[in-house]
Amino acid sequence: MSSQVLNILGRVLIAALFIPAGLSKITGFEGTVGYIASQGLPLPTVAAILAIIVEVGVAAALLFNVKTYWAALILAVFCIVSALGFHQFWAAPAEMAQMQQINFFKNLAIAGGLFLLAANSCTTVRASK
């Protein structure tokens with residue numbers, strides 16, 4: 001497969017993770033705010049709005065190859081913050097620790113892929129100049 005096809009496929013698959021999650025936060029806004037509050041995070045309404053903007057807006061920018069570098073960096077940071085805020089396996093009850101650890105490291109792996117996409121978008125821009 002060409003690198004262009006792989007780039008498009010990667011962006012589509014990454015967006016497929018974030019955009020539906022963001023849309024579900026819109027339709028279940030009160031539940032999202034409640035869940036964020038239950039995790040002890042500050043300003044749960046603001047956090048929910050920011051999550052929606054990132055998951056829908058920034059992921060759409062990534063999907064359509066608009067400001068890919070910045071979109072990938074923002075989504076990577078979002079994944080790391082989400083891992084730290086919502087998947088604290090080290091503090092989870094024993095019956096939940098393994099699943100939280102898996103989700104924690106999946107978020108970090110997704111962030112790693114997004115950092116690679118950001119780096120790749122830099123070299124692509126430089127190469128085309």
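The values are calculated or read from the model by the stated rules, or taken from the named source; none is laboratory data. Fair warning: this is a prediction, and the values are worked out from it, not measured in the lab. In this analysis, Cβ positions are derived from the backbone assuming ideal geometry, glycine residues included, and neighbour counts consider all displayed protein chains. Remember, those area values only see protein heavy atoms, side chains included, never the ligands or the DNA or RNA. Shrake-Rupley method; radii C 1.70, N 1.55, O 1.52, S 1.80 Å.
Things worth noting here:
- Structure-derived semi-axes √(5λ) of the Cα gyration tensor in Å: which label, when the choices are (i) 29, 17, 12; (ii) 27, 16, 14; (iii) 28, 21, 13: (i)
- Taking every protein chain into account, the 1.4 Å probe leaves Tyr69 with about 80 Å² of accessible area, to the nearest ten.
- Rounded to the nearest 10 degrees, the inclination of helix 94-128 to the longest alpha-carbon principal axis of the chain is 20 degrees.
- Per-pair calculated FRET efficiency, R0 = 22 Å: Ala60 and Ser2 via Cβ, rounded to 0.05: 0.40
- Taking only protein heavy atoms and a 1.4 Å probe, the accessible area of the chain is 72% carbon and sulfur.
- With R₀ set to 35 Å, the beta-carbon distance separating Phe29 from Ala94 gives a calculated FRET efficiency near 0.60.
- Once the 1.4 Å probe is applied to the protein heavy atoms, segment 1-50 comes out at 64 Å² accessible per residue.
- Positive contributions from Lys and Arg (+1) and negative ones from Asp and Glu (-1), summed over other residues with Cβ under 15 Å from the Cβ of Ala71, come out at +1.
- For the chain, the longest principal axis of the C-alpha atoms and the axis of helix 29-38 are separated by about 70°.
- Counting only protein heavy atoms and using a 1.4 Å probe, the accessible area of Cys122 comes to about 40 Å².
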